[in-house]
Amino acid sequence: MYRYNDFDRDFITERNRQFRAQVQRRIDGSLTEDEFRPLRLMNGLYLQLHAYMLRVAIPYGTLNSAKMHKLADIADKWDKGYGHFTTRQNIQYNWPKLTDVPDILDALAEVGMHAIQTSGNCVRNVTADHFAGAAADEIEDPRPSAELLRQWSMDHPEFAFLGRKFKLAVTGSPNDRAVIKAHDVGLILKRNDAGDPGYQVLVGGGLGRTPMIGKVLRDFLPAQDLLPYVESILQIYNFLGRRDNKYKARIKITVHENGIETIRELVEERFKLQRAAFGGNDQKLLAEIKEAFAEPEYTSAPIKAFLDKQNSDAAFRSFTDTNLATHKNPDYNILTISIKAHGKTPGDATSEQMRVMADLAKKYGHDELRISHEQNVILPHVHKGDIPAVYDALREVGLATANIGLISDIIACPGMDYCGLATARSIPVAQKIATRFDELKLEHDIGALKIKISGCINACGHHHVGHIGILGLDRAGVENYQITLGGDGSETAVIGEHAGPGFAYDEIVPTIERLIYAYLDIRESSDETFLQTYRRLGAAPFKSALYPATRIAAE
Amino acid sequence: MVRKFTPKVLTANHLINGDVIYWNADDRWVGNHGEALLIDDEATANALLAQAQSQPEIAVGPYLANAARGSAGGAVPTHFREEFRTRGPSNYQHGKQAEA
């Protein structure tokens, strides 16, 4: 894991000192709210529906036990004993007091963390595959690239006031677990025919009110050209991007309106100049960064306890079926801890749960944790022989739910329970769906299925790329939920199709139930997933389930 | 045609703790929607809003929200967003509803 050097520490210390003074000036009346708002947003502090919210950056979702412990301590000391993990691999505190935030930021700085650039029209927290450095299918670890981008984009003066926010994501695997194609710039590490490392560069992806899948800007960018090329993209966007209408200000609109060929031509032209300006220092820095991401020292130990428990404990067997992924070391697994216990708030972890996860990472996980954009926590390196002990410890604190990738593993944005922008609630919808399908004892039979829920058109809950997407809206003063079908956030990304008229809050669970029973009826076999069935048969049978004849006739 | 004025309450978030606050009949900010002053005319509403905007040391983002007279006599919200603001999150009780 990358550790802060003196430069990083001095920078954060100075920024925190500045923010403490800004808070003081706001309270003593020297700054108006209009003057203060951009300053607090630059430090991740929002004012939401019921309280302030502090969004803390977790670069590419990577934590160690010390950082996770600090997050737990902050939750206890200055919040309500929990934190909310987000679809940007960050954590949000929903109840801090303005006067406490400078102290919270100082506490974060003690472990090399901050809340800078988690808001505002700048380059946001760089995200990455949460299985980075561990996945069996990985070609190259994306974390050094993500860290290089983080350092380059941090307080970059040219990009501090973009037309709109700008999100970067990196993966090193052909199987996309990081929604790469829904980012302003998505980077896929690959090798060319000669075996040289590089990136496929995608541009103009994004969700929100105008969802778009990213387009290939460069099929192969040599690894050493990363920063000058990304900088060229940002420069062209900064120059060409619209500032007359915030809803048309993201780079996806710039690409759409100008055409990918024009954008490519302009970026390549700019890149010729930028490339010469970098002079190789970025590559020296990257080499240093790579050292920080050396593989852990894997241990060799018996795995008999793991196999025995699989054979004797059905609940453990179920957990290993859903929550383990293949590690590049065959004696290890990637272990995903579900922060989606049935009926609980997706992404919310108590301080006690955070401490247990931190301690397990320290004892059994080479001191590494990851936050996924799917709002779960990952122990990326767990020896198979240790998995029974990890499972038992997780069970003690309600963290052993065996539902990863299943219908109750729902992404839900904070929605109108917290967010000032939301037009409807999303969390209670997720809670009710998860509870209902747990009651039906159907979710393992249903198999792989991604439901994603957003409480407004900004789509923080990624509903456009849910196999089933749910969008909460305000229709004439009443919560109403639209459904999209067939979305996909993986390497075969596609925007879901809007199914038709929306449903009232109380109708949404029975509606999803009808949809699922229809799928179970028409799938070819239990191996055919919801998405596969949808792709084979199209929307028609699913729409029939959503809108039975009686309802259509009544309209 | 003159549009009929819909009764309002004056609301904001508190500068220090972010809490939802309402303006009451005693010219004070309170936390309970039921104690809010139900404003029946537009001129008073605009005057109180302007006054709140001149109190940046207490109120952040003041605005007028639609409301009605409830059966108990106090003001009640008429839109679900404002209703949530009176209580706190609905996923579990840990906002204002837990402090009551």
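The values are calculated or read from the model by the stated rules, or taken from the named source; none is laboratory data. Quick caveat, the model's predicted, so the values are computed rather than measured. Note that we place each Cβ from the backbone using ideal geometry, even for glycine, and neighbour counts take in every protein chain shown. Surface areas here come from the heavy atoms of the whole protein model, side chains and all, with no ligands, DNA or RNA. Shrake-Rupley method; radii C 1.70, N 1.55, O 1.52, S 1.80 Å.
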**Request:** Scan segment A:107-139 residue by residue and report those that are within 23 Å of residue A:6 (Cβ to Cβ), within 18 Å of the chain's Cα centre (by Cα) and open to solvent by 20 Å² or more (accessible area, probe 1.4 Å).
**Result:** A:117
**Request:** Give the residue that is farthest from the other protein chains (Cβ to nearest Cβ), with candidates limited to residues of segment A:96-132 that are assigned to a helix (DSSP H, G or I) and among the β-branched types (Val, Ile, Thr).
**Result:** A:104
**Request:** Return the residue satisfying two criteria in turn: it lies in segment A:1-60 and is modelled with pLDDT of 95 or more, of a type in the set (Ser, Thr, Tyr) and touching a Gly at 6+ places or on another chain (Cβ under 8 Å), and of such residues it is most open to solvent (accessible area, probe 1.4 Å).
**Result:** A:46
**Asked** Taking segment A:407-418, which residues are more than 14 Å from chain B (Cβ to nearest Cβ) and either free of Cβ contacts under 8 Å to residues at least 12 places away in the same chain or open to solvent by less than 10 Å² (accessible area, probe 1.4 Å) (or both)?
**Response** A:407, A:408, A:411
**Request:** Kindly indicate whether any position in segment B:8-15 is charged (D, E, K, R), more than 10 Å from chain A (Cβ to nearest Cβ) and buried (at least 19 other Cβ atoms within 10 Å of the Cβ).
**Result:** yes
**Request:** Would you check which residues across segment A:269-306 are touching a strand residue (DSSP E or B) at 6+ places or on another chain (Cβ under 6 Å) and surrounded by 16 or more Cβ atoms within 10 Å (Cβ to Cβ) and list them?
**Result:** none
**Item:** Segments classed as strands (runs of 3 or more DSSP E), wholly inside segment A:153-268, with at least 2 members that are free of Cβ contacts under 8 Å to residues at least 40 places away in the same chain and either among the acidic types (Asp, Glu) or buried (at least 18 other Cβ atoms within 10 Å of the Cβ) (or both)
**Value:** A:185-191, A:197-203, A:215-222
**Hey, residue A:89 at positive phi and not hydrophobic (A, V, I, L, M, F, W, C) or not** = yes
**Prompt:** What's the number of the condition residue B:74 fails, among (1) in contact with an Asp or Glu (Cβ under 8 Å, 6 or more places away or on another chain); (2) at pLDDT 95 or above?
**Reply:** (2)
**Fill in**
Flagged in segment A:423-481 as part of a loop (DSSP other than H, G, I, E, B), within 14 Å of another protein chain (Cβ to nearest Cβ) and open to solvent by 10 Å² or more (accessible area, probe 1.4 Å), in numbering order, are A:423, A:425, A:456, A:476, A:477
**Item:** Output for segment A:66-85, where each listed residue is open to solvent by 10 Å² or more (accessible area, probe 1.4 Å) and in contact with a Lys or Arg (Cβ under 8 Å, 6 or more places away or on another chain)
**Value:** A:69, A:78
